[in-house]
Amino acid sequence: MYSKLTNLGQVIKSTSKKYGNREFIYWEDPLTKETTKVTYKEYGEFTNKAANMLYNLGVRKGDIVSILLPNCLEMTYFALGVQKIGAIFGPVNTMLKRNELQFIINNNESKILVINSEFVDDITEIRKDLPYLEEIVLIGDSSDDMLNYSELMEKSFSSDPPQVEIDEKEDPAFIVYTGGTTGFPKGALLTHYNVIWDNKMALKVNQDEEIGDVNLTQTFIDNKYKYKALVVNPMFHVNALLSSLFLTFSMGGAILLTRKFSASNFWRIIEKYRITNSMVVPTVLAILLKIGKDVKEKYDTSSLLGIVSAAAPLPIELQKEFESTFNITIIPGGLGMTEVSSACFSFPDDKRIPGSVGMPINGVEALIVDQNNPDPNHPFEPNTVGEIII
């Protein structure tokens with residue numbers, strides 16, 4: 001599907017049309033447990049409305065739209081909608097402190113900020129110190145000095161937004177901030193080409209990945225309408241944003257989007273929606289183990305083909321205990337980095353070695369160097385411990 005599509009706006013338009021009335025997103029309200037379903041056609045229209053809304057607010061190619069939201073439908077509309085006008089999507093970690101929020105919004109010179117009521121107090125407190133910010137869009141509530149999301153969406157057309165010329169190898173699509181382990185978070189710019197290439201490689205790498213007696217990816221390729229991924233990771237992280245939302249969209253599959261991970265609801269959701277796979281962090285596996293096997297056995301989880309563990313190192317002991325306890329295959333997610341649109345290492349032809357992150361995927365170059373003197377001109381020999389540079 002990517003052979004003639006060079007930027008994300010084209011991919012989104014083409015894919016929405018291709019899969020039409022097939023369901024793409026299931027959203028379960030965290031309070032009522034009622035389900036909202038969004039088809040590919042509807043998703044295309046919602047992303048158009050989000051793009052037209054932003055365009056009407058003065059957003060143009062290269063402008064950054066920051067989103068400070070928990071997982072929700074609206075976040076997905078903006079995530080791919082901004083691509084249609086050549087703007088840049090900037091998800092913001094919802095767990096940051098006010099000074100960190102201020103830093104990110106100023107650092108990337110955000111023109112528009114989208115929030116919900118949870119963050120009104122935080123943003124109001126620092127608003128005077130956000131000189132680049134022109135408008136704040138508020139979801140779910142009204143405020144005298146913020147724009148109402150629902151009113152803006154009602155006024156926006158669902159037709160295609162104005163077209164822009166995009167250089168897929170140079171123009172950024174996303175700016176995602178890393179953890180900031182040494183000071184404030186650092187923004188990583190991901191181009192349209194970065195994201196599309198990584199997506200293509202993820203599908204190709206997994207093509208021969210067998211789980212037990214089931215060829216996982218081939219099953220999804222043959223029966224895309226059955227592919228249904230449970231998304232519990234936060235979408236401000238590149239893993240959920242690209243490896244779950246966009247990858248599933250590209251395959252014509254479906255996602256069950258949750259506001260956040262809930263151990264008490266995990267197995268129930270798998271049964272109710274016939275989930276085929278989920279991508280989680282190792283901590284989630286540990287929590288599910290802690291609540292025990294008895295909770296899982298209350299539900300029919302036969303639809304689940306496997307769980308991918310990613311975004312953090314997976315201890316071998318944890319993997320073995322989880323698999324033996326629940327009889328569910330855990331797929332180590334290789335190695336990923338925000339700076340390379342998520343995946344950069346994986347396992348070819350299902351040759352998995354416990355404790356290994358695999359090999360660089362096509363298009364990624366990597367070396368092991370001295371961590372005290374990381375010189376790419378002097379890489380280490382095989383079987384030598386050092387620092388990875390990509």
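The values are calculated or read from the model by the stated rules, or taken from the named source; none is laboratory data. In this text the structure is predicted, and so the values were computed from the model without any measurement. All Cβ positions, glycine included, derive from the backbone under ideal geometry; neighbour counts span all protein chains shown.
Worth a mention:
- Matching residues, the range 92-134, being touching a strand residue (DSSP E or B) at 6+ places or on another chain (Cβ under 7 Å), surrounded by fewer than 18 Cβ atoms within 10 Å (Cβ to Cβ) and farther than 27 Å from Asn233 by Cβ: Glu109, Glu134
- Residue that is farthest from Ser278 (Cα to Cα) [pool: residues in the range 321-342 that are modelled with pLDDT under 70 and aliphatic (A, V, I, L, M)]: Val340
- Every listed requirement among (1) under 18 Å from the mean Cα position of the chain (by Cα); (2) of a type in the set (Gly, Ala, Ser); (3) surrounded by fewer than 18 Cβ atoms within 10 Å (Cβ to Cβ) is met by Ala188 save one, (3).
- Candidates Val308, Val280, filtered to the one that is crowded, with 17+ Cβ neighbours inside 10 Å and at pLDDT below 90: Val308
- Filter result for Leu69 (under 25 Å from Lys13 (Cβ atoms) and out of contact with any Leu (no Cβ under 9 Å at 6 or more places or on another chain)): yes
- Of the residues screened, Asn48 is not one that is touching a helix residue (DSSP H, G or I) at 6+ places or on another chain (Cβ under 8 Å) and in a loop (DSSP other than H, G, I, E, B).
- Considering the range 46-73, the residues that are surrounded by fewer than 17 Cβ atoms within 10 Å (Cβ to Cβ) and of a type in the set (D, E, K, R) include one that is farthest from Glu170 (Cα to Cα), namely Arg60.
- Residue in the range 67-83 that is over 28 Å from Asp29 (Cβ atoms) and not in a helix (DSSP H, G or I) present: no
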